[in-house]
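Below is one structure, written out as structure tokens; the observations come after it.
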Amino acid sequence: MNTSRPANTFSPLYFLASVGAGGLSVTFFMYLMFWVPHKGRPVPIFEDILSAFNTGSTALQFGIAVGVFGIAAMTFLNLKYLFWSLSNFATFRKTENYQTLKNSNGETTILAMPLALAMSVNVLFIAGLVFVPSLWTIVEYLFPFAMASFLAIGVIALSFIGDFLGRVLTKGGVFDVTAHNSFAQLLPAFALAMVAVGFAAPAAMSHNTVVVGVSMVGSSFFGIASLVYGTLALVTAFNSMLHYGTSEEAAPTLMIVIPILTTLGIMFLRQNHGLHVTFDVHGSAGETMVFLSRILSIQFVFLGLGLTVLARQGYWKDYLFGSGTSPGSYALICPGVALSVMIQFLLNSGLVATGIIDKFSVTYWIITSIAIGFQVAMVAALLRLNRQHFRKVRTAVVAAE
């Protein structure tokens with residue numbers, strides 16, 4: 001008997017397994033972010049969580065326990081599949097398949113690597129806040145290193161984008177428009193957006209004017225670059241889809257706009273917090289509510305588009321619940337994660353902050369249950385995909401005649 005698994009045939013899209021797990025750790029952090037009191041700080045830290053657990057109600061203790069366990073489990077999976085993907089990517093770069101990929105439309109799938117790196121830096125920062133005592137006392141010293149990390153990852157992403165654009169824009173006919181019939185080319189925009197949201201974290205947390213300023217400028221650059229690239233790729237891809245239909249295997253990318261908007265939305269929220277605290281520029285809760293409502297509205301439009309096409313093509317039956325496997329299936333995780341996070345932000349930073357909904361009221365928990373529903377569905381989908389792609393399958397060896 002031989003053992004094999006789909007993941008043995010490596011694709012850069014397997015970095016999305018790490019990205020999906022990292023995104024799910026953020027959804028569990030939302031429990032702590034909005035349920036644990038953290039007066040005087042923009043985020044809860046180890047001491048806040050411990051105090052809330054020791055003095056809170058049974059329901060709060062349960063929520064904290066689930067959140068902390070979820071963060072730990074998803075951080076483990078995030079790092080596990082990141083290191084696995086980096087190791088296999090290093091080997092993959094030495095093969096002819098890599099050179100073939102570099103000379104095709106699929107070259108942009110390489111951007112899944114810096115995307116995963118940026119996600120993991122964000123995840124490690126969250127894990128540090130939750131699990132490391134007294135981290136907040138030295139956090140100001142960590143911000144320059146964090147920004148340097150995101151800058152390095154951003155440069156890696158831009159170099160890959162430069163290689164791709166330099167090839168397709170200087171050599172006519174090398175870009176296959178008929179294979180541009182999905183939103184797969186928005187992956188570079190997602191990578192840049194992930195760098196931007198990480199770069200913006202010090203703007204919301206630091207009290208050093210220089211650090212906040214650098215954070216705002218750096219995150220603005222990568223955020224705007226993401227918007228420009230994403231807009232151009234979206235328009236040209238939609239034109240190709242109208243002509244040639246949507247590629248079945250790449251159909252999940254129709255919803256990639258959803259996580260891009262969530263990451264950029266959080267970037268803007270972080271920047272606004274920095275403007276308020278450091279530069280005395282004040283915005284209102286009502287403006288935040290409208291801003292988040294607009295983002296969520298666009299996201300649900302693309303959710304409807306993606307689900308419609310996936311259902312018509314029978315994608316769920318073939319690739320999620322059937323025997324078909326495609327590393328691109330991991331692109332299904334990020335949209336659900338992004339919707340869960342954005343619903344939490346709209347509810348707490350918008351509807352509760354404006355007084356429209358009382359915190360911990362019946363309506364509050366109804367809306368929260370929608371966010372948790374997306375989260376649970378994505379946890380199940382991630383575990384299902386991991387079994388499909390990484391579980392070894394025994395196959396019989398047929399003797400040669």
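The values are calculated or read from the model by the stated rules, or taken from the named source; none is laboratory data. Bear in mind that the values here come from a model prediction, so they are computed numbers and not experimental data. A quick note on method: Cβ atoms are made from the backbone with ideal geometry, for glycine too, and the neighbour counts reach across all protein chains shown.
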Residues that are in a loop (DSSP other than H, G, I, E, B) and of a type in the set (Val, Ile, Thr), drawn from the range 330-389: 354, 356, 357
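Here is a check on your reading of the model: is residue 21 modelled with pLDDT of 95 or more, under 29 Å from residue 134 (Cβ atoms) and surrounded by fewer than 21 Cβ atoms within 10 Å (Cβ to Cβ)? If you could, list the steps in order and put the result at the bottom.
Details: modelled with pLDDT of 95 or more: yes; under 29 Å from residue 134 (Cβ atoms): yes; surrounded by fewer than 21 Cβ atoms within 10 Å (Cβ to Cβ): no.
Here the answer is no, as residue 21 does not meet what is asked.
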From the options 14, 31, residue that is under 20 Å from residue 122 (Cα atoms), aromatic (Phe, Trp, Tyr) and in contact with a Pro (Cβ under 7 Å, 6 or more places away or on another chain): 14
Being under 24 Å from the mean Cα position of the chain (by Cα) and of a type in the set (S, T, N, Q) is the filter; apply it to the range 126-173 and report the residue that is surrounded by the most Cβ atoms within 10 Å (Cβ to Cβ). 149
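Step by step: first the residues of the range 390-401, then only those that are assigned to a strand (DSSP E or B) and not hydrophobic (A, V, I, L, M, F, W, C), then the one that is modelled with the lowest pLDDT. Which residue is that? Lay out the reasoning, then the answer.
At the first step, the residues of the range 390-401 found to be assigned to a strand (DSSP E or B) are 393-395.
Still in the list and also not hydrophobic (A, V, I, L, M, F, W, C): 394-395.
On the way: 394: 51, 395: 41.
The residue in question is 395.
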Suppose we filter 226, 182 for residues that are crowded, with 17+ Cβ neighbours inside 10 Å, assigned to a helix (DSSP H, G or I) and small (Gly, Ala, Ser); which single one remains? 226
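May I ask you to list the residues in the range 46-63 that are of a type in the set (Gly, Ala, Ser) and in a helix (DSSP H, G or I)?
Within the range 46-63, the subset of a type in the set (Gly, Ala, Ser) is 51-52, 56-57, 59, 63.
Across the range 46-63, the qualifying residues are 51, 52, 59, 63.
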Pairs where the first residue, in the range 119-138, is on the phi > 0 side of the Ramachandran plot and the second is in a helix (DSSP H, G or I) and among the charged types (D, E, K, R), C-beta under 9 Å, 6+ apart: 134/47
Considering only the range 108-124, I want to know if a residue exists there that is surrounded by fewer than 18 Cβ atoms within 10 Å (Cβ to Cβ) and either more than 18 Å from the chain's Cα centre (by Cα) or among the small types (Gly, Ala, Ser) (or both). no
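Matching residues to (1) under 21 Å from residue 335 (Cβ atoms); (2) of a type outside the set (Gly, Ala, Ser):
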| site | (1), (2) |
| --- | --- |
| 225 | no, no |
| 228 | no, yes |
| 242 | no, yes |
| 258 | yes, yes |
| 264 | yes, yes |
| 282 | no, yes |
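Residues are listed down the side, and each one gets a yes or a no for (1) without any contact (Cβ under 8 Å) to a residue 12 or more places away in the chain; (2) farther than 18 Å from residue 294 by Cα; (3) polar (S, T, N, Q); (4) assigned to a helix (DSSP H, G or I):
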residue	(1), (2), (3), (4)
211	no, yes, no, yes
217	yes, yes, no, yes
222	no, yes, no, yes
254	no, yes, no, yes
260	no, no, no, yes
268	no, no, no, yes
Checking residue 57 against (1) over 24 Å from the mean Cα position of the chain (by Cα); (2) under 30 Å from residue 155 (Cα atoms): exactly one of these is not met. Which one? (2)
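I'm trying to understand the selection: among the residues of the range 234-243, which are touching a helix residue (DSSP H, G or I) at 6+ places or on another chain (Cβ under 9 Å) and within 21 Å of residue 307 (Cβ to Cβ)? Walk me through it before giving the result.
Of the range 234-243, the ones touching a helix residue (DSSP H, G or I) at 6+ places or on another chain (Cβ under 9 Å) are 234, 236-237, 239-241, 243.
Across the range 234-243, the qualifying residues are 234, 237, 240, 241.
Going through 66, 19, 43 one at a time, which residue ends up being assigned to a loop (DSSP other than H, G, I, E, B), out of contact with any His (no Cβ under 6 Å at 6 or more places or on another chain) and not hydroxyl-bearing (Ser, Thr, Tyr)? First the steps, then the outcome.
Numbers: 66 fails: assigned to a loop (DSSP other than H, G, I, E, B); 19 fails: assigned to a loop (DSSP other than H, G, I, E, B).
After ruling out the rest, the residue left standing is 43.
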